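**Q** Take a look at this one; I'll ask things after.
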C-alpha cells in the first residue's frame, strides 16, 4: 500500500508540473520561484534548529536566510565554511538551488527570446481608435510620419499611427527614431521632444499584407481608424494599391454588425497613383456603393493623388512666380500656416467682414456641403457656410473675429487683376522627364508666341518636341559658347529653369546645377529694376544642395517629394479640403496663387500695414493677400498670414489668391 501511495503521489506531482509547464511560462516561473523559496525556508529551519555555525559575523534568522539564499545562487560561497556540518547542509542547498535557479534563468531567457521573436514578427493585435493607418512602406514613409508629428496641437501628443508593412518592425522603428531625432525641421516643432525621442509612444508597427483583410482588421484596427494612407510598393505598386483599397472596403463591410453609433462613417483613404483614370473610375464606383450602402457600416472616401498632376500644377506656377515653392510648402505641411474649416455660425457676418476684421486667420473661400465657392462676393453671408481659412492651428482658425478696421470690404467682388497678356521667354538648362512635363504644362497657360530655349548637356537626349507655343524651340548644345555667360542673351529671358542630370549621380548632378545657378545669380545681381520678372528655378536631388541653392542661388526649387507626403497627410486629417487643395495644385481650376511686387500693386502701400494692403487689394481687384516674400539678412523668407500691423517694405513681393487667366 505504501508503494502504491508513493507512486500515486509521484504521478500527481508530475501531472502538476506538466500542467504548469504546458499552461505557459508564467506558471512555470511561479512554480520554480516557489520551490526555490521552499528550499531556502527548509534550509533556514534546519540550520536554525540544529544551531549550525555558519561562521558569519551576524546572527538572527533573517541573516541565516540571507546566507542560505547566497549559497543557493552561487557555489563560491562554500569556500568560506570550515566546519563539516555547515558544509554538508549548505552543499545540498547549493546543488538544489543551482538546479532551480539555472532552470528559472533558462525559462526567463526563453521567454525573452520568444518575446523578441514575437516583436520581430509583428503579429500582435492592435487596439486603437481615431488613429491614422499607414499601409506599405517606402521613402515617403518617413516624410509622412514627420508631417503627422508636426500636426500635433500645442501641449498634445501626435495622433496615434499604425503602420502595416513587410519591414521588420524593430528595425523600422529604429530607423524612424533616428530620422526624427536628427530632423532639423522638427527642432522647432511645437510637439514635445519626448515624442520625437520615443516614437514608440505613438507609432505601432506590424508586419503583414495590406491586401489581407484579416491583417487589416487585427493588425491595424482599421475599422476604428480616422483615415488611411497607402504608400506605393516598389514593384507592382498600382495594382497592389487598388487591391488594398478593395481589401479595406471588404474589411469595413465585414464589420458592419459592430459599427459604433458615433463612428465617423466615411473612412478617408489616400493613395498615390500613376494612371489617374483608373483610380478615378474606382473612386466613382466606390462613391456609388457608398450612397447605396447600409448607413450602419463605414464606407470609403477614396482620395487618389496623382504625383504627376500635382507636380505639373505646382511647377508651372513656381517657374512663373518667385517664392511660390515656399508658399506651397507652408500650405501643405504642418510646420507653419495651414488650411482649416471653420463653421460660419461661430463667425457670423459676411465674407468681406471676416477678411477685414480677422486677426489670426485669412478666409479663402466658402463651402456648402460638397459645393465650393472659390470666389464669393464680399457681401455673401457665411452663417450657413463653412469657411476655408489660412491659420497657424485649429485654435487660431476658430478664434472669434475681434479686430476692427477703418475700412470695410463689401459690395460686389472684382474679377482679379487685369494685366496685359504678354509672351514670356523661358530658358531650360538641361532636358529630362521633368523638362517635358513642365514644357507641356506651360504651353497650356502661356500666351501664344512665348519662347522656349534649351541648353542641352552632353548626356541629354534630343527633346521630344520641336515647337513651343507656336514657335520653334531654340536649342543650344554643349559645344557652342555657353549662353549663360552671355549677358545680352540673358536680358531676353524671363524665367530660367535648371534641371537635374538624371544620367549622373546625385552629387555630380547637383554640382552641375549649382555651377549653372552661379551664372544665373550673377545676372540677377546686375538687374537694378527690382520689379522685373526674372526668376531662377532649380531641380536638385539632395537635401544639402537644396539648402545651398535655396538660400543663396535660386529663387525657387522645383517640387520635391516631401510635398507629396504633406499633401497626403493634410487630406488624411481633413478630407473635406480635397477640392480646395486640388484647385490650388492644378492648372485647370478657377483660382491660382501668384506673386506681385508691391510696387506693381501700388507704390503707395510701402510703409503702410498689412491690414491696409488686404483691404486695398480686395477692394480694387477682389484678390486676397495671403502673405509676402522678403529678404532678411540676405536670405529670402516667405511669411504667410502675417500680423495685421506688419509694416510693408519696398522689396516685398506679395502672395495673392487670384482668378486664373487674369494676368
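**Q** Among the residues in region 438-446, are any touching a residue at least 12 places away in the same chain (Cβ under 8 Å) and over 20 Å from residue 313 (Cβ atoms)?
**A** No, region 438-446 contains no residue that is touching a residue at least 12 places away in the same chain (Cβ under 8 Å) and over 20 Å from residue 313 (Cβ atoms).
**Q** Now, a different point. Identify, please: which residue in region 348-369 is in a loop (DSSP other than H, G, I, E, B), under 28 Å from the mean Cα position of the chain (by Cα) and touching a residue at least 24 places away in the same chain (Cβ under 8 Å) and is, among those, farthest from residue 626 (Cα to Cα)?
**A** Ranking the candidates gives 360 first.
**Q** Can you pull out every residue in region 444-473 that is assigned to a helix (DSSP H, G or I) and more than 21 Å from residue 534 (Cβ to Cβ)?
**A** 444
So that you can scan it fast, the table gives a plain yes or no per residue for (1) in the same structural domain as residue 329 (by TED's automatic domain parsing); (2) closer than 27 Å to residue 227 by Cβ; (3) in contact with a strand residue (DSSP E or B) (Cβ under 7 Å, 6 or more places away or on another chain):
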{"position": "588", "(1), (2), (3)": "yes, yes, no"}
{"position": "594", "(1), (2), (3)": "yes, no, yes"}
{"position": "606", "(1), (2), (3)": "yes, no, no"}
{"position": "621", "(1), (2), (3)": "yes, no, no"}
{"position": "630", "(1), (2), (3)": "yes, no, yes"}
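**Q** Restricting to region 613-638, what's the tally of residues that are at pLDDT 90 or above, in contact with a helix residue (DSSP H, G or I) (Cβ under 6 Å, 6 or more places away or on another chain) and assigned to a strand (DSSP E or B)?
**A** So the answer is 1.
**Q** Here is a follow-up. Taking region 408-431, which residues are surrounded by fewer than 20 Cβ atoms within 10 Å (Cβ to Cβ) and more than 23 Å from residue 656 (Cβ to Cβ)?
**A** 425
**Q** I've got another one for you. Do we find a residue being touching a strand residue (DSSP E or B) at 6+ places or on another chain (Cβ under 8 Å), farther than 25 Å from residue 336 by Cβ and at pLDDT below 90 anywhere in region 223-234? First the steps, then the outcome.
**A** Within region 223-234, the first condition is being touching a strand residue (DSSP E or B) at 6+ places or on another chain (Cβ under 8 Å), and the residues that meet it are 225-232.
Checking which are farther than 25 Å from residue 336 by Cβ leaves us with 225, 228, 230, 232.
Narrowing further to those that are at pLDDT below 90: 232.
Yes.
**Q** Still on this model: Residue under question is residue 500, and the condition is that it be in the same structural domain as residue 535 (by TED's automatic domain parsing) and at pLDDT 90 or above; does it hold?
**A** yes
**Q** Would it be correct to say that residue 389 is modelled with pLDDT of 85 or more and outside the structural domain of residue 497 (by TED's automatic domain parsing)?
**A** yes
**Q** Of all residues in region 101-126, count the ones that are farther than 25 Å from residue 232 by Cα and modelled with pLDDT of 85 or more.
**A** 0
**Q** Now for a different question. Going by the structure shown, is residue 163 more than 23 Å from the chain's Cα centre (by Cα) and either at pLDDT below 75 or surrounded by 15 or more Cβ atoms within 10 Å (Cβ to Cβ) (or both)?
**A** Numbers: more than 23 Å from the chain's Cα centre (by Cα): no; either at pLDDT below 75 or surrounded by 15 or more Cβ atoms within 10 Å (Cβ to Cβ) (or both): yes.
Taking the combined requirement at face value, the residue does not satisfy it.
**Q** Also: Take residue 632 and tell me if it is more than 25 Å from the chain's Cα centre (by Cα), farther than 30 Å from residue 145 by Cα and buried (at least 19 other Cβ atoms within 10 Å of the Cβ). Full working, then the answer.
**A** Details: more than 25 Å from the chain's Cα centre (by Cα): yes; farther than 30 Å from residue 145 by Cα: yes; buried (at least 19 other Cβ atoms within 10 Å of the Cβ): no.
Against the criterion (more than 25 Å from the chain's Cα centre (by Cα), farther than 30 Å from residue 145 by Cα and buried (at least 19 other Cβ atoms within 10 Å of the Cβ)), residue 632 does not qualify.
**Q** Oh, and also: Residue under question is residue 151, and the condition is that it be buried (at least 22 other Cβ atoms within 10 Å of the Cβ) and over 17 Å from residue 248 (Cα atoms); does it hold?
**A** Criteria met by residue 151.
**Q** Now for a different question. From the residues in region 434-475 that are modelled with pLDDT of 90 or more, in contact with a strand residue (DSSP E or B) (Cβ under 7 Å, 6 or more places away or on another chain) and surrounded by fewer than 18 Cβ atoms within 10 Å (Cβ to Cβ), which one is farthest from residue 508 (Cα to Cα)?
**A** 471
Table: residues versus (1) in contact (Cβ under 8 Å) with a residue 12 or more places away in the chain; (2) over 20 Å from residue 438 (Cβ atoms); (3) in a helix (DSSP H, G or I); (4) within 32 Å of the chain's Cα centre (by Cα).
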{"position": "481", "(1), (2), (3), (4)": "no, yes, no, no"}
{"position": "484", "(1), (2), (3), (4)": "yes, no, yes, no"}
{"position": "488", "(1), (2), (3), (4)": "no, yes, yes, no"}
{"position": "496", "(1), (2), (3), (4)": "yes, no, no, yes"}
{"position": "502", "(1), (2), (3), (4)": "yes, no, no, yes"}
{"position": "510", "(1), (2), (3), (4)": "yes, no, yes, yes"}
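**Q** Tell me whether region 640-655 contains one or more residues that are assigned by TED's automatic domain parsing to the domain that holds residue 598, closer than 19 Å to residue 391 by Cβ and out of contact with any helix residue (DSSP H, G or I) (no Cβ under 8 Å at 6 or more places or on another chain).
**A** Yes: region 640-655 contains one or more residues that are assigned by TED's automatic domain parsing to the domain that holds residue 598, closer than 19 Å to residue 391 by Cβ and out of contact with any helix residue (DSSP H, G or I) (no Cβ under 8 Å at 6 or more places or on another chain).
**Q** For region 356-378: of the residues being in contact with a helix residue (DSSP H, G or I) (Cβ under 8 Å, 6 or more places away or on another chain) and more than 21 Å from residue 579 (Cα to Cα), which is surrounded by the most Cβ atoms within 10 Å (Cβ to Cβ)?
**A** 356
**Q** Any idea which residue in region 268-279 is modelled with the lowest pLDDT, counting only those that are surrounded by 14 or more Cβ atoms within 10 Å (Cβ to Cβ) and assigned to a helix (DSSP H, G or I)?
**A** 276
**Q** If residue 431 satisfies all but one of (1) closer than 27 Å to residue 576 by Cα; (2) under 33 Å from the mean Cα position of the chain (by Cα); (3) modelled with pLDDT of 80 or more; (4) not in a strand (DSSP E or B), what's the number of the condition it fails?
**A** (1) is the only condition that residue 431 fails.
**Q** Among the residues of region 259-267, is any at pLDDT below 85 and either buried (at least 21 other Cβ atoms within 10 Å of the Cβ) or farther than 20 Å from residue 223 by Cβ (or both)?
**A** No.
The values are calculated or read from the model by the stated rules, or taken from the named source; none is laboratory data. Everything numeric here is computed off the predicted structure, so don't read it as measured data. Here Cβ is always computed from backbone atoms with ideal geometry, including for glycine, and neighbour counts include all displayed protein chains.
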